[in-house]
Amino acid sequence: MPKTNYFKRKQEEYRALDSLDRRRFWTNGLLNNALYILMAAFIIFTAIVNKNFLGPSSIVNIITLAAVSLPMALGIGGCIVLTGTDLSAGRVFGLAAGMTAAFLQNRAASKLIFAKLPATTGGWIIVVMLMVMLAGAVIGLVNGFFVAKFSLHPFIVTLATQLITYGIILMFFQINGNGGGPISNVAKEFKNVVSGPAFKIEAWNVSIPWYVLFAVVLVVIMWFVWNKTRFGKNMFAVGSNTEAARVSGVNVFLTTMLVHTLAGALYGFSGFVEAARLGSVTAATGLNNECDAIAACVIGGVSFVGGTGNIGGIVLGVFVLRIIFVALNMLGINPNLQYIIKGAIILAACSLDMRKYLVRK
Amino acid sequence: MKKKILAMILVVAMVLSLGVVAYAEPAPETKVAVFWYAFSDAYLSTVRAALDADLEAAGIAYQDFDGNNNMGTQLEQVQTAVTNGFTVLVVNLVTSGSSDAAQQIIEAANGLPVIFFNRAVEGDGEEHTVLDANPNIAFIGTDAPEAGHMQGKMIGDFLVANYDAVDLNKDGQISYAMFMGDAANVEAIYRTQYGVEDANAVLTANGKPELVYFDANNSDKYQLDPNGAWSNAAAFDFMSVNLAGYSEANGNMIELVIANNDDMALGSIAALQSAGYNLGDGSSTKIPVFGVDATQPAQDAIAEDTMTGTVKQDAQGMADAICSTVYAVAEGTAIADAVATVAESADIFSIAEGFTNKLFVAYAPFTGAAE
């Protein structure tokens, strides 16, 4: 049993330490795991104050909410590994949601954006999904191209594409006399297979929507891409040290482009899910959504230093943010204060996390 | 890494053990969740203050939620509140003008009574699709076109009385600017339309030419807050740019400003003031500016003679109507009966024609003269 050996060895190591080292062992251990300890304390506190918080329907709710924000965080995580960021994510998400709603409107609706479209069959739904992912990928490709080709910081490149995408969204929402109004009347068939229940847990009277399963599949795929493919290894190489990666024969240009393109496709997918979830999309949909995704990644240990992070961390970060969201509401904290507390938690979580890297250096 | 895994296992174990021990059916008591589309909205903040006070006085437990102008966030808040055992939901919908958004909230509410307010739940041409189809809901708001009609008539009357003073370049026509709060909101759409149309009706009835939009190249004939936030800042930015190109010196000054709400009216006044207009000191030229809502800052601006008129949306009346309905519903009254009782209680309330669960709170013109 390697596990018991590990603990036995650790125990022996600990016995060999003198008192000063022992104290250091505990303080380091506490600080390095402070995020988990604080979250555990926060969860316990909330559960004591409000027993609904850990009720079955609430836990399912937290999982569902996490599944909503996972795809975008998985995409943006790659950009952060490259020491970059992506400010265009929210708008790409909005464009994808708008396109999805327009392409998958109930054909019997009175106000149609596109008059002549195929009926809402399974095949057409998949085509639309691929279309909006492609649209996202194209914007991601533009981001990646300018970052890689001109060595521009992704902050400014994606700031620019954020504006450009918003312009496209505004134009899209004016198609066919829609005049900037919401695009609604999304087809039932489409909602059923995305936001409809995949299965129901009878004992708790709660159902799990399909997009939770999609998110699980995406996590598995992204874990494979990050850990088991040459592309994933190249991404980390470029993120830790671009020059070293270039010298060792990594195609930095292609890797950067691909990371952003993949991210764009994932934003497209999140928008696709959002259209089903909300049933109606406005031009403002997606505004600032990238902020939560970036925060989730950084809380989960994907560092802006570059080259560090893993998929498990991103999933954890997304859950931490969602637990905070639900817990603050369940504690009945005034919404004005909620923003302050959420900000403080993000700041504290990231500082504690950064400390690990500073110590290592 | 190992340490991380260990920590995670510990957390999960703690969470699960707590979940098993702590979970129990919550006691049935009234807990009201109030969902606001955005805490930053000036008019709705006055409604919020009034409603908080009303609910407190009535002894009803409540909690406010800030949707931050994001429909996704609001839906998530509703889902969370339902799992948290709230018994009545009061919703100020983010995506107004789409029945689907309201329908999604009702589905998330899972049978709990939902009282929508202020922002319309049914789009133009979709009347009855939500309010008639769901038994346990009501809408408390305003008759969407009414504010636009009232604002338009007020502007028309004002212009007829002061035509020559307003017509700065003496070309016999009044050129105007229009600020729209949100392209997707039916109230905004009606205000943008009737604010001008009804003013024109009064003008033509008195033998005056119709209003002319100041920028002949803008076929929309309005400037829109790109974030749909009805914001002061958006109007300020537009008006500042407008005033750079349109001035008395060029003989093409904007002679009238119509805004969808008071926040945008005040934004354009701030821009006018930077250009030396509407200083309220008697010496500067005053461009008439009209808004809607009669928020406190707008009432102050009218008193200081920097703004001309607004339409009073009764924040206290709205809050009272919501609170009374919530109270009745909590006591077990059917939601339509609760609404009917509120409609009887004061002159400013009325039931919308053809509905049983749609309560209107009346608007009133406000130019500072009466109060």
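The values are calculated or read from the model by the stated rules, or taken from the named source; none is laboratory data. Since the structure is predicted, the reported quantities are computational estimates derived from the model, not experimental observations. Glycine gets a Cβ as well: all are built from the backbone with ideal geometry, and neighbour counts include every protein chain shown.
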Odd one out for residue B:77 among (1) within 13 Å of another protein chain (Cβ to nearest Cβ); (2) at pLDDT below 95; (3) in contact with a Phe, Trp or Tyr (Cβ under 6 Å, 6 or more places away or on another chain): (2)
Residue list for region B:308-363, filter: assigned to a strand (DSSP E or B), more than 18 Å from the chain's Cα centre (by Cα) and of a type in the set (A, V, I, L, M, F, W, C): B:351
Residue check, residue B:132 surrounded by fewer than 22 Cβ atoms within 10 Å (Cβ to Cβ) and in the same structural domain as residue B:347 (by TED's automatic domain parsing): yes
Index of the failed condition, residue B:302 passing every other in (1) under 26 Å from residue B:189 (Cα atoms); (2) touching a helix residue (DSSP H, G or I) at 6+ places or on another chain (Cβ under 9 Å): (2)
Selection from region B:73-91 of residues that are within 27 Å of residue A:110 (Cβ to Cβ) and surrounded by fewer than 24 Cβ atoms within 10 Å (Cβ to Cβ): none
Condition check for residue B:278: outside the structural domain of residue B:224 (by TED's automatic domain parsing) and surrounded by 24 or more Cβ atoms within 10 Å (Cβ to Cβ): no
Candidates A:141, A:130, A:170, A:163 - the one that is farther than 27 Å from residue A:105 by Cα and part of a helix (DSSP H, G or I): A:141
Qualifying residue in region B:22-33 (condition: under 24 Å from the mean Cα position of the chain (by Cα), modelled with pLDDT of 95 or more and within 10 Å of chain A (Cβ to nearest Cβ)): yes
Residue list for region B:100-132, filter: on the phi < 0 side of the Ramachandran plot, away from chain A (no Cβ under 14 Å) and out of contact with any Asp or Glu (no Cβ under 7 Å at 6 or more places or on another chain): B:113, B:114, B:115, B:116, B:117, B:132
Qualifying residue in region A:252-270 (condition: part of a loop (DSSP other than H, G, I, E, B) and within 28 Å of residue B:79 (Cα to Cα)): no
Residue that is among the aliphatic types (A, V, I, L, M), in contact (Cβ under 8 Å) with a residue 40 or more places away in the chain and surrounded by fewer than 24 Cβ atoms within 10 Å (Cβ to Cβ), where the choices are B:211, B:224: B:224
Residue ID - surrounded by the fewest Cβ atoms within 10 Å (Cβ to Cβ), chosen from residues in region B:39-48 that are within 13 Å of chain A (Cβ to nearest Cβ) and of a type in the set (A, V, I, L, M, F, W, C): B:39
Flag for residue B:233 being within 27 Å of residue B:363 (Cα to Cα), of a type outside the set (Lys, Arg), in a helix (DSSP H, G or I) and at pLDDT 95 or above: no
Conditions (1) at pLDDT 95 or above; (2) on the phi > 0 side of the Ramachandran plot: number failed by residue B:228: (1)
Residue list for region A:23-48, filter: aliphatic (A, V, I, L, M) and either in contact with a helix residue (DSSP H, G or I) (Cβ under 8 Å, 6 or more places away or on another chain) or more than 11 Å from every other protein chain (Cβ to nearest Cβ) (or both): A:30, A:31, A:34, A:35, A:37, A:38, A:39, A:40, A:43, A:44, A:47, A:48
Some residue of region B:173-187 being outside any helix (DSSP H, G or I), free of Cβ contacts under 8 Å to residues at least 60 places away in the same chain and more than 17 Å from the chain's Cα centre (by Cα): yes
Residue selected from region A:49-58 under the condition in contact (Cβ under 8 Å) with a residue 12 or more places away in the chain and more than 25 Å from the chain's Cα centre (by Cα), by the criterion farthest from the other protein chains (Cβ to nearest Cβ): A:49
Residue in region B:275-282 that is closer than 30 Å to residue B:158 by Cβ, under 19 Å from the mean Cα position of the chain (by Cα) and of a type outside the set (Phe, Trp, Tyr) present: no
Looking only at region B:58-74, and only at residues there that are more than 7 Å from chain A (Cβ to nearest Cβ) and assigned to a strand (DSSP E or B), the one that is farthest from residue A:279 (Cα to Cα): B:61
Helices (runs of 4 or more DSSP H) enclosed by region A:279-361 - at least 3 residues per element that are surrounded by fewer than 21 Cβ atoms within 10 Å (Cβ to Cβ) and among the basic types (Lys, Arg): A:335-360
Condition broken by residue A:205, with the remaining ones in (1) crowded, with 20+ Cβ neighbours inside 10 Å; (2) within 30 Å of residue A:319 (Cβ to Cβ); (3) over 21 Å from the mean Cα position of the chain (by Cα) satisfied: (1)
Failed item, numbered, when residue A:60 is tested on (1) more than 30 Å from residue B:78 (Cβ to Cβ); (2) of a type outside the set (Lys, Arg); (3) modelled with pLDDT of 90 or more: (1)
Residue identified as surrounded by fewer than 21 Cβ atoms within 10 Å (Cβ to Cβ), in a loop (DSSP other than H, G, I, E, B) and in contact (Cβ under 8 Å) with a residue 24 or more places away in the chain among B:218, B:252: B:252
